[in-house]
Structures are given as C-alpha cells and as structure tokens.
1. Report the FRET efficiency, 1/(1 + (r/R0)^6), for Ile170 and Val280, where r is their Cβ-Cβ distance and R0 is 35 Å, rounded to 0.05.
2. Using the count of nearby Cβ atoms within 10 Å as a rough guide to exposure, how do Glu191, Glu272 rank from fewest to most?
3. Going by alpha carbons, how many degrees (0 to 90, nearest 10) lie between the helix axis of 479-492 and the longest principal axis of the chain?
4. How large is the helix-only mean residue ellipticity at 222 nm for the chain, computed as the sum of -39500 (n - 2.57) over DSSP H runs with n ≥ 4, divided by its residue count, in deg cm²/dmol to the nearest 500?
5. Is there a quick way to get the dipole size of the chain? I mean about its Cα centre, with the Cβ of Lys and Arg at +1 and of Asp and Glu at -1; what is the value in debye to the nearest 20?
6. Relative to the longest principal axis of the C-alpha atoms of the chain, give the angle of the C-alpha long axis of helix 330-365, reported between 0 and 90° and rounded to the nearest 10°.
7. How many nm separate the modelled label positions at Ile46 and Arg23, each set 7 Å beyond the Cα in the direction of the Cβ?
8. Restricting attention to the stretch 101-132, which trypsin sites (Lys or Arg not before Pro) occupy a DSSP loop and are surrounded by at most 13 other Cβ atoms within 10 Å?
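Please treat every number below as a calculation from the coordinates, not as lab data. This one's a predicted model, so the numbers in the text were calculated from it and none came from an experiment. Neighbour counts are summed over all protein chains in view; Cβ atoms, including those assigned to glycine, are modelled from backbone coordinates with ideal geometry.
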Amino acid sequence: MLPIVSLTLFLPLLGAIVIMCHRNAAAEKVHKIGIITSALTLLGAIWMWVRGVADPDMAGKGFAQVEQIDWMPSIGAAYRVGVDGISLPLVLLTALLFLLTLIYSSKVRKQPQAFVVLMLILETAAIGTFTALDAILFYVFFEVSLVSMYFMIAGWGHEDRQRAAQMFFIYTLLGSLPLLLAILGLYLGGETHTFDMRVWIENPPLEGGAAMLALIAMLFTFAVKTPVFPFHTWLPAAHVQAPAAGSVILAGVMLKFGTYGLIRFALQMTPEAFREAGVVVLIFGVVAALYGAFAALAQTDLKRLIAYTSVNHMGYVIVGVAIAALTLDPEIRAIALDGSVLQMVSHGLVTGALFFLVGMLQDRAQTREMDQFGGLLKTVPLLGWSFVLAAFASLGLPGLAHFPAEFQIFLATLREEPWAVIVILGIVITAGLYLKAISQVFLGASNEKWKTMPDLDRRELLTLGPLLFFIIVLGIAPSWVLDVVHQTTIALAF
C-alpha cells in the first residue's frame, strides 16, 4: 500500500528541493512549481481523508494510516506518522490554505525562489506537526515551522518587520523549551522508554506531582503558541508586519499547533492532572476570549483588528478543551471536543479569508486604517461583499462556519460550568466591532480617492472562492467534518 501520509508530508519539501536546483529560474516558473506541488499535496490530503473515512482504525483511540521506520532505536525514537479524527481535518485545512496562499502570492517578485521555498518547507513542517506520532519528530516539525515563519516575516513583511520577526521567534522559541522538558519527563516516566505518542496516550506514564509539572510545562508552551492572554503580545506585531500570505498561514495553520497540542499532549497524556487544573485553564480561556474581543473593538487598523479576533476565537477553543478535561460526563466531553476541533477548522477558513481580503485592500490603497475608506461597497462590490460574508462568519452568524462550532462549545460549557458561559459576550462584542468595520470601510459616503480602485481579479477570486464556499458549506452542513472528528472524540470521552 502506498505510504500516502509520508508522500503528502514530504511532497512540499521535494518541491522546495526542485526549486533550489533551478537557481536561475524565472519567477513565473518558480511560482508554477510551487502551486503544482501544493496542489498535489492537497490531492494527497484528500486521499488521506477518503481513506480515513472508510478506515475502521479511525474509530476509537487509535490512529489510521500509520507508517513507521526505525530512526534511533536505542532510545525508542522512530519515524512514526498517522492520523485520527482530530488531526485529519487539520491536515486537509493546512493543504488547502497553503495552495491558496501560493496562488495569491504568485505576484511576488522579490526573491520569489526563496519565498516559495520557505512556504513549501513550512507546509511540510505544518503537516508534520499534525501527523507526527513520535514526540521527538513532533518537536522537530514544531520548531522548523518557527524558522520558516521568521524568515517569511523578516524578508517580505512591512516597515517594522525585523522587530516583529525577532519578537515572534524569541517568544515562540523560548515558549517551546518547556515542551521539550515535558517530553523528556514523559519519556523517563514510562516503564518502557519510548517516544511513541500512542503509548503515552494509551497509558499515561506520569502521575501525581510529576504529571502536574509536565502539564504546566505543556500549558506554557501551548499558551504562547495559541496564544492566550497574557502570552499573546507577539501576535499583533507579527500579523501587522507579516505579508498577507504569512498572516494567513500564521493564523489559519500555526495557531492551531497550540490548541492541537493542548488536546494531543495535555488532555490525552496527562488527563488526571489536566482535570485538576481544568478550572484554571478554563479561566484563561474565558479571559482570552473576552480580552481578544475588547482589544479588537479598540483597533483602527483592519489587520490588527483581525489579529485580536484570533485571540478571541482561540479562547473559545481553550474553553472547549478545558470543559472536556473537567467533565466526567462522556456526552458533554464529546460535544466540547467536537466543537473545539470544528472551531479550529472554521477559524482557519474564516480568518484566512479575512487576512487575504485585508491584503488585497492594502495592495490597492497602501493603508489599512479604517477611517481612510468609506463607500467601497459601490466601488469594489466583489471585495466588499466577500468581506461582509467573512465578517459575518467571524461574528458567529447562523448558517456560516463558526456557528456550529461555537454552539457546541457554549452548550457544553453551560451544562458543565454555567458561570463560564459569560464567554458568549465575546460574540456580542465581535458583532459590534465587525459592524463598525463594515460601516466605516464599505458603507457611507464614497471617498473620491478610491473611485478608480479595481475590484477583485481572477487570481484573487481563485484564492477567495474556495474559502467562502467552505465557510458556507461548513455552516450549513458541518456533519461531513464532525462525523470524522466524532469517531475520535467519542472514544476520548469514555
């Protein structure tokens, strides 16, 4: 049988090598290779999805499509990859966003070879993070992604890009070190010394104080990565200074490393310690959601506004995972986890579309300040209505992607910890801030300065179209994703 997970994982890296072997290739050729490579990777992810849906190994706590090769057998480390109902939707989301990002970035003429190579290396690192079943392999992919994004921000970002790139790298690198200590603790705590994450999930190796210390280390790492207040301060600067492509991948894919790790490591490998600390994590999630919404409300820069709404939406995910850790009711746990994973997917689609749209607007106007616009819905109707749709999805409008995810999180929260349902105020605040943004930028009197602004071109429509389509589909019929997710979350609930 073809090793489809490994093929999908390393196709982008292979494409990067091919590009590096053509040093003097024209920009058009470089972008074409990148797009073709990423398209093949998406086909691989779709193939994984089709196989996963039909694979009986997907049901339960196990993993499907597992591939394993000895790596460092003396210490129990191996190349181990596979997927389950939690990781498979994130792999598909990752492959889709990278393809659309490379299509959107086909206009880049500043060092196009380096740009596309970094994007493809980052794609391999991202897919590797979601498919790794060996803790050392997970950590390697987790760290490689930092390097690629650092150079992306520093090389193709905006005016203060160097400082933003350094802040991003230092915060996230230092934040990753406690995870390494936790991994070593899990390794030493097991009866059999192995880095096989499946073994740690099946039989958590740590108990008592040791498990709590490992959990604290994990929570610190994933709080920085998600990010959660007050560890979020690197995020607005990184988003504002990153190119549009970098912002899409950072928000749509890399923030999910934190919430995915929270489920995969903290919840599955230290479940009892997480239950003891669950209320604290829940408080952090509630604060993050409300703080992100209030901070976004105060912004005048569209990109910074969307960056803070990411803090808000990832706060909802934290709340869902915390409820899953706290509850002893299997039904509530499954609902909370279903909502959390679906929220990760919907956030990638919605925030990806919003960052693309802001990038398109900045390309035309060279500004992101909302008070500089007005009446753009008449001038650029395709761009305007696309933004309205994505904004309504972000504020949780029924029938769009965020609603079924957030509804499940709030339902589980109300049933387990009713006081925490105060987090629902974040939706009210988010609605207000997006209505304000739409009013200032797209409604009202037209600014004569932008009367000749061009509407979306074919490349931009090709970039946005799939995201807007899936935002609607996921809102109307989320079951095609939830059915896959639920195969794993229902097993975790018992």
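1. Values: r = 26 Å, r/R0 = 0.74.
Working from the Cβ atoms, E equals 0.85.
2. Values: Glu191 8, Glu272 15.
Ordered from fewest to most neighbouring Cβ atoms within 10 Å, Glu191, Glu272 come out as Glu191, Glu272.
3. 30 degrees
4. Details: 20 runs with 351 residues, N = 494.
Helix-only estimate at 222 nm: -24000 deg cm²/dmol.
5. Details: 28 positive and 32 negative charges, 337 e Å.
Magnitude of the dipole: close to 1620 debye.
6. In the chain, helix 330-365 runs at an angle near 30 degrees to the longest axis.
7. Taking the simple label geometry, Ile46 and Arg23 are separated by 3.8 nm.
8. Working: sites: Lys107, Arg109, Lys110; in loops: Arg109, Lys110.
Those satisfying the criteria are Arg109, Lys110.
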